[in-house]
1. Report whether or not Ile183 is over 31 Å from the mean Cα position of the chain (by Cα) and of a type outside the set (Phe, Trp, Tyr).
2. Can you tell me how many residues in region 250-270 are more than 18 Å from the chain's Cα centre (by Cα) and outside any loop (DSSP other than H, G, I, E, B)?
3. Scan region 9-20 residue by residue and report those that are part of a helix (DSSP H, G or I) and charged (D, E, K, R).
4. What's the number of the only condition in (1) open to solvent by 10 Å² or more (accessible area, probe 1.4 Å); (2) closer than 23 Å to Val275 by Cβ; (3) under 18 Å from the mean Cα position of the chain (by Cα) that Leu218 fails to meet?
5. Mind checking which residues of region 183-237 are in contact with a strand residue (DSSP E or B) (Cβ under 7 Å, 6 or more places away or on another chain), basic (Lys, Arg) and in contact (Cβ under 8 Å) with a residue 60 or more places away in the chain?
6. I'd like the full set of residues that are closer than 23 Å to Glu258 by Cβ, part of a loop (DSSP other than H, G, I, E, B) and open to solvent by 30 Å² or more (accessible area, probe 1.4 Å), limited to region 292-316.
Amino acid sequence: MNSQNPRQLAFLTLRDIHKGAYADVALDRFLRASQLNDVNRRFATELVYGSVRRQRTLDAIIDQLGKKKAAQQPSDIRTILHLGLYQLRYLTNIPVSAAINTTVELAKENKFTALSGVVNGLLRQYDRLSSPNQDPLILPKNPLERLGILYSFPDWIIKLWVEQWGETETEQLCEWMNQSPAIDLRINPLQTTIEEVETIFKSADILVKRIPHLPQALRLIGSTGAIQNLPGFKEGWWTVQDSSAQMVTHLLDPQPGEVVIDACAAPGGKTTHIVELMQDKGKVWACDRTPSRLKKLQQNAQRLNLKSIEVCTGDSRNFTQFTNVADRVLLDVPCSGLGTLHRHADARWRQTPENVQELAILQKELLNSASKYVKPGGILVYSTCTLHPLENEQVIQSFLASHPNWQIELPAANSPIYSFVAPEGWIKVLPHREQMDGFFMVRLQQRRS
């Protein structure tokens, strides 16, 4: 591999992704082995994640312009065409000639010299047909297919969202999900203040802004380089956590001296937030079935200088030792992640309706078990980062129907997230409305006997 060529790195990464590798894992592996500078690392990352996100759109263009000839070429040629078309269609800072010529060279570099004419011809045809008033992509009239091809989502996700919010809002949501994700920080109030962190970032010429309603949240503006090199990271003054994930812990509202169980804790963003809100006084059990992920949780807690966490490895459906132990339980369940598709470029292609059905069964089992860990009168918060009713509203409705001693409880009126509560009592964060990850969360209380 040419360790200085971001397009070659992107091609090799995409080839692994198309063979089944996870996008973030494959990209990290190639970036670690490369000698790219920061600018080219960002460019390679944009090419990989952008090409994966826009895969359906790019395939539609290839199929329409190339007809059978392009469709019958090796899969690697299609991957190379993805990279060229992505630059032409979506990257306004890349000159047309550079996008085309470097893509043709990429074909030659990877031993497709005989097919470089196909690459050159298709890209130049796309450019000829492009104008402010004309899009080379021909869209079907069916609204689900039209949105799916235009914004590059599977039809089943488009259908799911249209049924909930209609075509106009679904289009807005799709647009939002195709943006590069923002990076939010959560200030550690046991070590610093939000004003102090703002000051150190300003002195380092790093732009940040506060997030309304969330007292610990800052959003990074623009490119910042490696997170671990930013001021205050090593000192444990802050950690990376999206704003909507911070809302979950405010809904739980843990108090100093309590016993709290985080039933699906790793990698620990919400666990450490719980400890911060408890002023590091009390006991927080961090449970997860994956030891390596719990190790990351412990490392993060150590960096933040938090002492109240005990880890428990295993399946949260089987922790009989926790029966009636907890004042509060957080159950942030494994889910389809449809609220965070902008962060996980390949997730839209990996998830299926069948996966969601299986996850909903698991979520119900986890909720049933976690409810047994709460003391009478205690609190349980259920949360997901998905936008699928089967994993959200329907799980809660099913639980309440079979557990008459439980009820939805609203957060206190002075809670920073009170204004987000829906009439049904839960919170559903829609990304295109709130400018943060999609989340569902609800606070449940067990009635005292």
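The values are calculated or read from the model by the stated rules, or taken from the named source; none is laboratory data. If you're wondering where the values come from, they're calculated on a predicted model, not measured in any experiment. No Cβ is skipped: glycine too gets one built from the backbone with ideal geometry, and neighbour counts run over all protein chains shown. Just the protein is used for accessible areas: all its heavy atoms, side chains included, with ligands, DNA and RNA removed. Shrake-Rupley method; radii C 1.70, N 1.55, O 1.52, S 1.80 Å.
1. When the stated conditions are applied, Ile183 does not pass them.
2. 7
3. Answer for region 9-20, where residues must be part of a helix (DSSP H, G or I) and charged (D, E, K, R): Arg15, Asp16.
4. Among (1) open to solvent by 10 Å² or more (accessible area, probe 1.4 Å); (2) closer than 23 Å to Val275 by Cβ; (3) under 18 Å from the mean Cα position of the chain (by Cα), the lone unmet condition for Leu218 is (1).
5. Passing the criteria: only Arg186.
6. Asn305, Lys307
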